Amino acid sequence: MFRSRVMSVPLGLLCRCKAREVQRASKILRLVTASPVQTVRHFNGVNEPHQQYEVSHAHPRVLITGSLGQLGTGLAKVLSRYGRNNVIMSDILKAPRQTQESGPYLFADILDFKKLQDLIVSYNIDWIIHFSALLSAVGENNVPLAMRVNIEGLHNVLELAKQYKLKIFVPSTIGAFGPDSPRNPTPDLCIQRPRTIYGVSKVHAELMGEYYFYKFGLDFRSLRFPGVISADTHPGGGTTDYAVQIFHDALKTGEFDCYLREDTMLPMMYIDDCLRSIVEFMETPSERLTMRTYNVSAMSFTPAEIADAVRKYVPNLAVTYKPDKRQSIADSWPMRFDDSNARRDWGWKHHMEIDDLCRAMFDYLTPIYKDTSNKMKEQVA
Ligand SMILES: NC(=O)c1ccc[n+]([C@@H]2O[C@H](COP(=O)([O-])OP(=O)(O)OC[C@H]3O[C@@H](n4cnc5c(N)ncnc54)[C@H](O)[C@@H]3O)[C@@H](O)[C@H]2O)c1
Ligand SMILES: C[C@@H](O)[C@H](N)C(=O)O
């Protein structure tokens, strides 16, 4: 459970008070700090107030970097249980109106150390959830940028988390393993020689975080995720994106071109399980963790298997397989994940299997595509 920070009594106030007044002053301060909700003024670099927000002191204040991506959008909603203004979303993109209206959203480039420092101090941050990254396929297309965002960006948040004693979560991935790792199943501890800049940057993150934990006592936590599947946001350019695209194409055209071979088995997870794992892991007391980086798993399937599952909803779906350069990335990744350590240490359990995932995707997407097609018909008529 999160323990709220103890506010210190200002020295000047104490010196001026006699004993009875000291007691009275501390009582008042205790009352003020015990109050679960306070209005906090945030200041920008020129000492102008940003805005006033009601923040809950019973819960951590969380900064999410890269929060407009596939995972951040969902996690911000899940964490709103900590209080609407306890979750600070940040990214380098213009946020949709809905995000801007749902709580604090700020521009923050992960490469800008000072700006991040300003946010952490001004918003009195307790936890950082560090999502900014270039994923596997886009990373291979721009290696220098991937090195900057995924490696330099990580250095910035690690150093700030150390400086301000924050708890920090940095996701890792099945992509942190390579062709020399055991692939079926892949355990937590084994050889890691990934062949993508994305994978290399994630091994770097795991090792740096663990180093900061042992050297400086930083509460660094990481989960290695499978390919994450969600309906409300599009994935950001990974090798597992096909498993989201198939649902959209099935509903839009009934035809799907898959860039992986039909027998390419990869670990996958539905977004709700993924987000729940982050919250449960972050809320686990440190003493229960025997490691700082854990595999988490849900299911594994091939493109042929997900196509069959999708055909229960779109029976005439036609799929063609045209492997491209993402095939060699997928061929170097785990086929199944061994997550027994996460299950043992902090009780990790997935809820969704392949049929649950298909139901959830169609429940969300079918009305949207029906609505779009009705509107198009109306326009033509
Ligand atoms: N989605 C998955 O399948 C999956 C699986 C395993 C691990 N992960 C990890 O989870 C994290 C989030 O993944 P995601 O799928 O949401 O990614 P995403 O690509 O959807 O989102 C990443 C976000 O980072 C932002 N970003 C890029 N450059 C930035 C910069 N310079 N400063 C600040 N923000 C910047 C982007 O604008 C984007 O919104 C990543 O670290 C990723 O490696 C994702
Ligand atoms: C697996 C994960 O890290 C991401 N979806 C990718 O394919 O790059």
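All of the numbers you see were taken from the coordinates with simple rules; none came from a lab. Just so we're clear, the structure is a prediction, and the values are computed from it rather than from any experiment. Here the Cβ positions follow ideal geometry from the backbone for every residue, glycine too, while neighbour counts run over all protein chains shown.
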| request: Between beta-carbons, use under 11 Å as the cut-off and find the net charge around ASP180, counting Lys and Arg +1, Asp and Glu -1. | output: +3
| message | I'd like the Karplus ³J(HN,Hα) series for region 351-363: coefficients 6.51, -1.76, 1.60, θ = phi - 60°, whole numbers in Hz, and an x wherever there's a Gly or Pro. | response | 10, 10, 9, 4, 6, 5, 4, 4, 4, 5, 5, 5, 4
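Can you tell me the FRET efficiency between ARG84 and HIS351 if r is taken as the Cβ-Cβ distance and R0 is 25 Å, rounded to the nearest 0.05? It would help to have the intermediate numbers written out before the result.
Working: r = 26 Å, r/R0 = 1.05.
According to the calculation, E is roughly 0.45.
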| task | Please express the shape of region 180-335 as an equivalent ellipsoid: the semi-axes are the square roots of 5 times the eigenvalues of the C-alpha gyration tensor, given largest first in whole angstrom. | result | 32, 18, 12
| request: Provide the FRET efficiency to the nearest 0.05 for the GLU210-ARG311 pair, computing r from the beta carbons and using R0 = 51 Å. | output: 0.70
| Loop-only check: which trypsin sites (Lys or Arg not before Pro) in region 160-200 are DSSP coil with at most 13 other Cβ within 10 angstrom? | LYS165
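Among bridges DSSP assigns within region 133-380, what percent are antiparallel (round to 5)?
Beta bridges within region 133-380, antiparallel portion: roughly 15 percent.
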| message | If I model a spin label as a point 7 Å beyond the Cα along the Cα-Cβ vector, how far apart are those points for THR302 and SER328 in nm? | response | 2.3 nm
| said: Taking amide H atoms as placed 1.01 Å from N in the peptide plane, list the residues 5 or more away in sequence, or in a different chain, whose amide H sits under 5 Å from that of TYR321. | reply: CYS258
| Area projected by the alpha carbon convex hull of region 126-204, averaged over all directions, nm² | 5.5 nm²
| remark: Interchain or sequence-distant (5+) residues whose placed amide H lies within less than 5 Å of the amide H of LEU134 are ASN150
| message | Please list, by residue number, every one of the GluC sites (Glu not before Pro) in region 285-378 that is coil in DSSP and has at most 14 other beta-carbon atoms within 10 Å. | response | GLU353
| Using a Förster distance of 41 Å, how high is the FRET efficiency between ILE92 and THR253, based on the Cβ-Cβ distance and rounded to 0.05? | 0.80
